[in-house]
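Heads up: the structure comes next, in structure tokens.
The values are calculated or read from the model by the stated rules, or taken from the named source; none is laboratory data. These numbers come from a predicted model, not from an experiment. Because the Cβ atoms are built from the backbone with ideal geometry, glycine has one as well, and the counts that use them run over all protein chains shown.
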Amino acid sequence: MKKKPMFALLLTLAVLFAGTCGASYAADGNDTDAGLKEVYDFLKSCGNYYLATVEGDQPRVRPFGSLAIFEGKIYFQTGKIKDVSKQMAANPKIEICAFDNKGTWVRVQAIAVDDPRREAKQFLLDAHPELKNMYSADDDNTQVLYLKDAIARFHSFEGTGGPRIVEF
């Protein structure tokens, strides 16, 4: 019976230790393009990801699926009439979380930057044609944003140490 408390103590220490030992890098050293691509590929492989914003002092989280790389940045899309758009306008600090069902997940903290250009909207809609029945590059509702100053933290249930950090 003493093994269970000892195991819990060791597990707690391992988790605390892992949280302080994360390595920082951008995929293959200093290549931020490779880091951006790694994060994009992971998010796409998950199908959906969860975007967190803040409304006042309350966190708000919802599923998203739109994602594209445009001009060397990760973009996503929403509607300006939605609360998420208003929340990002008030506080552009966001966090994205996704899990691959294989024991790995990523948390990406970033600044969401609005890009009002038609070509950015059209690119994202072309990448996600299923959105074209609700949005248009020429309407006043479609909004595309990109991630700025992003820090991705990859975690694993395998207990291989602290988070692996990718900046782009």
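The C-beta contact set for the stretch 69-88 (first residue in contact (Cβ under 8 Å) with a residue 12 or more places away in the chain and part of a helix (DSSP H, G or I), second residue buried (at least 18 other Cβ atoms within 10 Å of the Cβ) and of a type in the set (A, V, I, L, M), distance under 8 angstrom, 6+ apart or interchain) comprises Val84/Leu51; Met88/Ile94; Met88/Ala112; Met88/Leu145.
Looking only at the stretch 30-41, residues that are free of Cβ contacts under 8 Å to residues at least 60 places away in the same chain, assigned to a helix (DSSP H, G or I) and not aliphatic (A, V, I, L, M) come to 3 in all. Screening Ala137 with (1) touching a residue at least 24 places away in the same chain (Cβ under 8 Å); (2) more than 28 Å from Gly35 (Cα to Cα) gives one miss only, at (1).
Residues in the stretch 144-152: is at least one outside any strand (DSSP E or B), within 21 Å of Phe168 (Cα to Cα), in contact with a strand residue (DSSP E or B) (Cβ under 8 Å, 6 or more places away or on another chain) and free of Cβ contacts under 8 Å to residues at least 60 places away in the same chain? No, the stretch 144-152 contains no residue that is outside any strand (DSSP E or B), within 21 Å of Phe168 (Cα to Cα), in contact with a strand residue (DSSP E or B) (Cβ under 8 Å, 6 or more places away or on another chain) and free of Cβ contacts under 8 Å to residues at least 60 places away in the same chain.
Answer yes or no: is there a residue in the stretch 80-87 that is more than 20 Å from Lys37 (Cβ to Cβ) and among the hydrophobic types (A, V, I, L, M, F, W, C). Yes, because at least one residue in the stretch 80-87 is more than 20 Å from Lys37 (Cβ to Cβ) and among the hydrophobic types (A, V, I, L, M, F, W, C). Annotation note: Cβ proximity below 8 Å between a residue of the stretch 42-55 that is modelled with pLDDT of 95 or more and a residue that is of a type in the set (Phe, Trp, Tyr) (sequence gap 6+ or interchain) occurs for Phe42/Phe154; Leu43/Tyr49; Cys46/Phe99; Asn48/Phe64; Tyr49/Phe64; Tyr50/Phe64; Leu51/Phe64; Leu51/Phe76. Of all the residues in the stretch 139-163, those that are of a type outside the set (A, V, I, L, M) and modelled with pLDDT of 95 or more number 11.
Filtering the stretch 22-41 to residues that are modelled with pLDDT of 90 or more and surrounded by 13 or more Cβ atoms within 10 Å (Cβ to Cβ) leaves Asp33, Ala34, Gly35, Leu36, Lys37, Glu38, Val39, Tyr40. Restricting Ala127, Ala98, Ala110 to residues that are under 19 Å from the mean Cα position of the chain (by Cα) and closer than 13 Å to Phe154 by Cβ narrows the list to Ala98. Scanning the stretch 44-62 for residues that are assigned to a strand (DSSP E or B) and more than 11 Å from the chain's Cα centre (by Cα), we see that the one that is farthest from Lys102 (Cα to Cα) is Glu55.
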